[in-house]
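Take a look at the structure set out below.
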């Protein structure tokens with residue numbers, strides 16, 4: 001009975017930490033060369049793009065994120081636009097490079 005209730009709960013309220021709720025982006029610091037894995041939560045990290053926003057055509061979501069590695073104090077700035085299915089429309093990085 002406990003297993004049934006647990007499955008029922010997971011069906012109606014999936015865990016926010018499941019792999020389906022994350023997009024992973026890998027970046028490399030321009031200063032020290034550290035490779036950093038960035039996990040983006042679909043449920044909280046993304047902003048909805050509206051027609052009045054200056055965004056690439058076809059964009060539905062966007063993210064602006066500052067990434068800090070462990071080796072140095074260089075901040076890496078990400079701006080990424082996604083379509084409705086979370087496919088990348090355009091991406092920009094300052095202080096690093098995409099891997």
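The values are calculated or read from the model by the stated rules, or taken from the named source; none is laboratory data. Keep in mind that this is a model prediction, so the values were computed, not measured. So basically every Cβ, Gly included, is an ideal-geometry build from the backbone, and we count neighbours across all protein chains shown.
Before moving on, here are some points about what is shown:
- Meets criteria (surrounded by 10 or more Cβ atoms within 10 Å (Cβ to Cβ), touching a strand residue (DSSP E or B) at 6+ places or on another chain (Cβ under 7 Å) and modelled with pLDDT under 90) for residue 14: no
- Test for residue 9: is it surrounded by 10 or more Cβ atoms within 10 Å (Cβ to Cβ) and at pLDDT 85 or above: no
Here's the yes/no breakdown for (1) closer than 29 Å to residue 31 by Cβ; (2) touching a residue at least 12 places away in the same chain (Cβ under 8 Å); (3) within 11 Å of the chain's Cα centre (by Cα):
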residue	(1), (2), (3)
48	no, yes, no
51	no, no, no
75	yes, yes, no
84	no, yes, no
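- Within the range 82-95, being buried (at least 17 other Cβ atoms within 10 Å of the Cβ) and at pLDDT below 95 holds for 82, 89.
- Residue satisfying all of: in the range 34-48; in a loop (DSSP other than H, G, I, E, B) and modelled with pLDDT of 90 or more; surrounded by the fewest Cβ atoms within 10 Å (Cβ to Cβ) among these: 34
- Taking (1) assigned to a strand (DSSP E or B); (2) modelled with pLDDT under 90 in turn, residue 53 satisfies each apart from (1).
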